[in-house]
Each structure stands twice: as C-alpha cells, then as structure tokens.
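Accompanying notes for the structure given below.
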Amino acid sequence: MLTIKDLHASIGDKEILKGINLTVNPGEVHAIMGPNGSGKSTLSAVLAGKETFTVTSGEVKFQGEDLLALAPEERSWRGIFLGFQYPIEIPGVTNVNFMKTALNEHRKHQGLPPITAAEFLKLMRQKMEIVEMDHSFSSRGVNVGFSGGEKKRNEIFQMAMLEPKLAILDETDSGLDVDALRIVATGVNKLKRPDNATVVITHYQRLLDYIVPDVVHILYKGRIIKTAGKELALEVEQRGYDWLIKEL
Amino acid sequence: MANEVLHDITNSEYRHGFETLVNQEFFPKGLNEDIVRMISERKQEPQWLLEFRLEAFRKWQKMKMPTWAHLRIPEIDYQDIIYFAAPKKPKTEEEIDPELIKTFDKLGIPLDERKALSGMAVDAVFDSVSVKTTFRESLAEKGIIFCSFSEAVRDYPELVRKYLASVVPVGDNFFSALNSAVFSDGSFCYIPKGVRCPMELSSYFRINARGTGQFERTLIVADEGSYVSYLEGCTAPQRDENQLHAAVVEIVVMADAEVKYSTVQNWYPGDSEGRGGIFNFVTKRGICKGNNSRLFWTQVETGSAITWKYPSTILKGDNSVSEFYSVAVTNHHQQADTGTKMIHLGKNTRSRIISKGISAGRSENSYRGLVRVARNAENARNYSQCDSLLLGDRCGAHTFPFIQSDNPSAIIEHEATTSKISEDQLFYCRQRGISEENAVGLIVNGYAKEVINQLPMEFAVEAQKLLQVSLEGSVG
C-alpha cells in the first residue's frame, strides 16, 4: 500500500528526515516511536503533503502512485488521512459544514453526486457514536473551544466520516486522560478493516495497549534504527531509548 | 516563507463584464449649467427641480473633493465625463429594446414578470434611465408606489418635493452636491400607512456606456406602521478606464414602520493589476423619523476599484432602532473606506453595527464609523463589532471608530478583532480533501455568516458565491 524509499526531507537548510525506508501493507497497524525531535511529526506532515517541508530525495509510492507529486487534497481523495497532533481551529465554520464540504469533495472525486442532507445527518450521527461525541458538536465551529480530548475525538470522527485507506495518527494520545484515550483508541479499532492500514505515531506504550501494532519502528535522528514486533514497544517503555542508540 | 503554502489560483473573470451594444443617446462631455439644464429639460422636469439642480451645481462648484478617507484617489477630471447616456427608444413608446431585455436576463434580472424571481419587483436602471419597473400595477393595488425616480417626479411631484434632500441635504458633501445637480434616474418607493409590502422591492443598476458616470437617486418613504424590504444590486462592464458612480439614497421611516435595505455591490473592481474599475462614491442615509421606527442596513461590498460609502441612520424617533451589517471585500488593488454613522437623537434609541472587512492581495480596507449620542438621547445604546480578516501579508486593514457621547446615560460598546487565514487552517482543510479555493470560500463565508444571514434568501446564496469568486487568486 505504502512504500517509502530513502526519503530525505528538510525545513530550510536543516535536514530532518535522513533516509526513511518503510513499507505498510493493507490490514497492518504500524507504530512509530522515538524521542523528541527524531522526525516523527515531520514524517507524517511530509506524507500528507505539507509544503513547509522540502523533500530533497527519495520516493513514496501509495498504491503504486507517486504520492509526492500530489497536492494535499489529492492525497486526501486517494485515501490518506492525517490525525493532527494539534488540530486546527476554524472559527465560523461549523463541524457540519466542514465535514459536508470535505465529504462532497471526496464524492466528487469518486464520481458520486453530493450527499443529501438527510443521508449526511444520518451518517454523521452514526460516526459520532464511534467516538462518543455529543451531537451538539456538529453545530460548533471546527475545534473552536474544544478541550484537548474533544479535539482528538473530533479527529477520529473525521477519519470515520472519510474512511481513509491509510490513517496516520500523529500523537493522537498526547494530552488525553485515560478515559479519552480509551474512547479514541476504541474508535480507531472500530474503523480497522482488512483493506486499510494505520500508522500510529506515539511517545508512549500506553496507547499501544489499546491499538495493538503489528510492527513497531524506532525513529531516531531522521532514520528508522530498529523495526520489530509489538514487544519492542514494551521494551522501550521499560528501558528507554538509550540502549537502542548505543547499539548503533 | 509565509506564503509558500498558499499558491496561486488562476484568476477568475469578472462575470458581469460584458458590454451591451445598443443605440444610445449621449450628452456632450463635461459639466456646466447648460448640461444641468439639458438633463432637466430632457426629463421634462418642473421648474422647482431645475432650480434645485442649479443650486446644487453652484454649491458643488465651491466644494472640494474630501480627502479624509484612507484612500488614494487619482485625480478625477469632471469635465471628461459624460453625465447623461440613455438607450434610444425603439419605434413605439412602450417597447423596450430586446438587447436590454437580453442584458438584464443575462444578469439574472428578468424584466418579464412571468419569469421574475418569485416575490420580487425590480426597477432596472441602465446608465442614466430606468428601463422598466416590474409589478407596478399589482403593487399599486395596495397603494404602494414603486417606479423610477423620473416617473415619480412626473406623477407624484408633491411627494418627491416633500422628501427630496430631506435626509441628505444638497450640500452635505461633495458627491451629494454633484449628484443633486446631475442625478439622472433611480428608484422611488412609497409605502402607505399600515401596509406591509408583499414583495421584495429591488433596484438593479447597470453601467454600460463608456466614459459616462452614473448618478442615481433613490428615495424610499415608509409611512406609519408600514414595512418594506428593499434590495439593490449593481454591475458594470470590464474596462481599462475608471468610471464614476455617485449615488444618493434617502430613506424616511415614519413611526412604527420598518425598512430593510440590502445591497449587493458588485461593480467592476478593476483587473488584478489595478487597471480600470468603478469609483463608487455613495451617500446613503436614512432617518428613523417617528417613534418606534426601525431601519436595517445590510451591505455586501465586493466590487469597485474605490468604495467610499457610509450608510447611516439618524435615530430621531424615541425607541427607534437601527442596525448595520456589512461585509466589505477587497482584493488585488481595490480600496474601500466604508462604515456607518449612527446618530442618536431620540430617547431609548438603539443601534448595532457589525462590520466584517476582508482584505486580500494588495488591497486596502478600512472601517470608518461614528456613533454619536446627543444630549437629549436618554438611555441610548450602541454595540459595535468590527472584525478584519487578512489574506496574505501585502494587504491592509484599518479601523477608524469615532464615539461621541453627550449623554451620560448612554451605553456604548465597541469590540474589534483582526485575524488572518493561516497556512495551518488551509492545510488542515486540504488534508481533509477540501481544495484551497473552496477552503478560502468556506472560511470567509463562515467569517461573514452573521452578515450574510441578514440578506433575503436568494441574495444570501448569490452573496456567498460572490465572496468566493471575489477572492479567487487572492492567496499566493
């Protein structure tokens, strides 16, 4: 589904990703862990097409297509979803209007007519239940005045609405209390299907108690320094990253 | 760095920029007493109106163009403008040139009553004359007068004489004096006592002829206990030259009456380099004359190279209420200096100002407002909110609020915000599959929603599209 080969990316003169190699297959859950500043968020932003970063070399194929040649919205239409670490507030634009516009652009790309108002409201209600979101959120401005936990739930709700093929969740667990973490993680699990994949970026093992990864990667200074099964996350939790760095 | 995310979207064409080829009659260029007399004579006006015009002209000659606005106005040569242009009448007296009917059809303003938007009567003004006023007869059954200004002068001279310049005195300002001297046509509307106008009344102003100015005059009188909702739209062809539009609108609201006045201003704004476009210098003012009268202004300003416009209300009657809702968009090299004046004279008068400025490109957008509470205006209340939204970093947004209170019981509140559409907001939208263009439209319409919601339904939809179109090519 996703193949990253020797990906290098910088911001200004500073190289942040220094040769990433990664393959994600349908049905898999990958976790990417690593200390602060290792390039985890940069990797997710580059995959989503944020133009603040410049890709200097390497290639990214998504379902056989050159992902790096596509605009952010085109990547979204093809099924890439980024759960933001810090979801953005858009005052004046209601959640309903935002999601309806997004969904209809996706449908347009698939050659489908715009969704009817009744169908949309029904769909929205179903998907809100997945993250136990109150209906009152639909008429509020996108993320405006939402608590940290509400923002993250809203991200997963949007993911549920758009049904992406590849969801990249950037520190979705940060700033969540235990209950919110459980709700968010349960939501992600409910959306799991054999034909989609998830990349979870996290600092902590605790999220991985709920979203169990098939593969765990350790990112350090812009490179993946170790890849193993889910037990690697537990080991990192107990021993930290130092032993891995020393192994280099 | 700041704008790298925001890439250029192809410039959209101004959609109403076409020109109609009709046989037109022109007066010679330039302005002098003879031209003023010619206009009056051409319209077969009574002597008092000719004198009104001549007095205005003499006043205007002694006046200077105002320079206090935050605008860079190129020198305007008033002798290089044609002050009267009218399509020639075809053979019979009643017939309208089919080209004109086609023009208004193309603008979405059918002059055929059978094709008209439901519940809306239109007075269509083409350059200096009114081409047709629809639904006149059915409105007349209720005693409502809705016709062109020229017809009103002919058919209801006593009403016109009573109210003309009663709200905007001839010498109020440079442009009102100019308009009073050379105004050609516009709409007149009178709602009798206790009548609720069953349709939206609207005027559509079209500038077509090259080198001409448009000087329309509109007068609305809502008698005691009546109600009317009035709409105004305007467009012009796309040209490299600037054209002058200097209108005067006067509204009189008697006791217990209510007037809603909405404008969707879409004059040609000039091209992306700042060539051409309309100079829009307009004086609009209403008076809440009687007790418990209400006047509501809503304006969506997207057009014109230069906009100088302050729809204002004199709250004379006790307990009278006025509200002003405005969205002003400037893009490319457009300049707008717009706002309102709320003059509280009566007791327990209330006013509310919601102004939303949106600046993009290299444009300059200013809000200018005055809230004045006179000594006898006990318990006057005002709430003002002025928001500015910036797209990009080469445009300007300015706010010039003036507050003058001579009565200690007044409560006046003013709030202002300035915000910017950020790269992060755009990226967030795009990541969800919303293209950049639609994202800007979504955010801007969300920002302007409070004002757009005040417009009648059909216009609200139009205005939303217009906001988006006006801002195309603004990011980058």
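Rule-based calculations on the coordinates, nothing more; no lab input. All values reported here derive from a predicted model rather than from experimental measurement. Heads up, the Cβs are rebuilt from the backbone with ideal geometry, glycines too, and the neighbour counts pull from every protein chain shown.
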Neighbour cut-off at most 16 other Cβ (10 Å), DSSP loop, chymotrypsin sites (Phe, Trp or Tyr not before Pro), segment B:13-96
B:Phe18, B:Trp68
If you place +1 on the Cβ of every Lys and Arg and -1 on the Cβ of every Asp and Glu, how big does the dipole about the Cα centre of chain B come out, in debye to the nearest 20?
1040
At q = 0.06, 0.09 Å⁻¹, the log10 of I(q)/I(0) for the protein assembly as shown from a Debye sum over equal Cα scatterers comes to -0.45, -0.85
Need the full-extension length gain, B:Tyr78 to B:Glu41, defined as separation in residues times 0.36 nm minus the C-alpha distance. One decimal, nm.
11.2 nm
Do the alpha carbons of any pairs in B:Lys284/B:Lys316; B:Lys64/B:Lys289; B:Lys193/B:Lys316; A:Lys5/A:Lys226; A:Lys14/A:Lys50; A:Lys5/A:Lys221 sit beyond 21 Å of each other, and which pairs?
B:Lys64/B:Lys289
Once you've got the GNM for chain A with C-alpha springs shorter than 10 Å, pick whichever of A:Glu89, A:Glu119, A:Glu51 has the biggest mean-square fluctuation.
A:Glu119
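From the mean inverse distance of alpha carbon pairs (Kirkwood) and the Cα radius of gyration, derive Rg over Rh for segment B:350-413. Don't skip to the end; give the middle numbers.
On the way: Rg = 14.8 Å, Rh = 13.0 Å.
So for segment B:350-413, dividing Rg by the Kirkwood Rh gives 1.14.
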Within chain A, which whole H helices from DSSP have a Cα span along their axis of at least 15 Å and a mean Kyte-Doolittle hydropathy of -0.5 or more, if any?
A:117-130, A:178-190
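Express as a percent, rounded to the nearest 5, the fraction of DSSP beta bridges in segment A:2-247 (both residues included) that run antiparallel.
Numbers: 24 of 41 bridges.
Around 60 percent of the beta bridges assigned by DSSP in segment A:2-247 are antiparallel ones.
Per residue and in cubic angstrom, what volume does the convex hull of the Cα atoms of chain B have?
On the way: hull volume 66.7 nm³, N = 476.
With only Cα atoms used, chain B gives 140 Å³ per residue.
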Relative contact order computed over segment B:237-384 (Cα-Cα under 8 Å; 6+ residues apart), in percent
20
Could you calculate the FRET efficiency of A:Thr186 with A:Lys18 from 1/(1 + (r/R0)^6), where r is the beta carbon distance between them and R0 is 35 Å, rounded to 0.05?
0.45
At a Förster radius of 41 Å, what calculated FRET efficiency corresponds to the Cβ-Cβ distance of A:Ser10 and B:Arg275, to the nearest 0.05?
0.50
Place +1 on the Cβ of every Lys and Arg and -1 on the Cβ of every Asp and Glu in chain A, take the dipole about the Cα centre, and give the residue among A:His109, A:Ala228, A:Asn196 whose Cα lies farthest towards its positive end.
A:His109
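Given R₀ = 45 Å, what would the calculated FRET efficiency be for B:Ser419 paired with B:Glu19, taking r from the Cβ atoms and rounding to 0.05? All intermediate terms of the calculation are to be shown ahead of the outcome.
Numbers: r = 39 Å, r/R0 = 0.87.
Taking R0 as 45 Å, the efficiency between B:Ser419 and B:Glu19 is 0.70.
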Inter-site label distance for A:Gln238 and B:Arg394 at 7 Å from Cα along Cβ, in nm:
6.1
In segment B:325-420, which chymotrypsin sites (Phe, Trp or Tyr not before Pro) are in a loop and have at most 10 other Cβ atoms within 10 Å, using DSSP for the loop call?
none
Between A:Ile168, A:Ile88, A:Ile225, where does the largest GNM mean-square fluctuation fall for chain A, given springs only between Cα atoms within less than 10 Å?
A:Ile88
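What is the magnitude of the charge dipole of the protein assembly as shown about its Cα centre, with +1 placed on the Cβ of each Lys and Arg, -1 on the Cβ of each Asp and Glu, and no other charges, expressed in debye to the nearest 20? Write down the numbers at each step before the final one.
On the way: 84 positive and 94 negative charges, 171 e Å.
Value, rounded to 20: 820 debye.
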Along each principal axis, Cα extent of chain A, largest first, Å
58, 39, 34
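About the Cα centre of chain A, what is the dipole size in debye to 20, counting +1 per Lys and Arg Cβ and -1 per Asp and Glu Cβ, all else neutral?
It works out to roughly 260 debye.
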Which of B:Val373, B:Ser226, B:Ala305 sits farthest toward the positive end of the charge dipole of segment B:24-420, with +1 on the Cβ of Lys and Arg and -1 on the Cβ of Asp and Glu?
B:Val373
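What is the sum of charges, Lys and Arg at +1 and Asp and Glu at -1, for the other residues whose Cβ falls under 14 Å from the Cβ of A:Gly92? Intermediate results must be reported in sequence, preceding the final value.
On the way: positive: A:Arg140, B:Lys356, B:Lys420, B:Lys449; negative: A:Glu89, B:Asp387, B:Glu450.
Residues near A:Gly92 contribute +1 overall.
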Cβ under 13 Å from B:Met38's Cβ, B:Met38 left aside: what net charge do those residues give with Lys, Arg +1 and Asp, Glu -1?
0
If I model a spin label at A:Ala228 and B:Asp34 as a point 7 Å from the Cα along the Cα→Cβ vector, what separation in nanometres do I get?
10.1
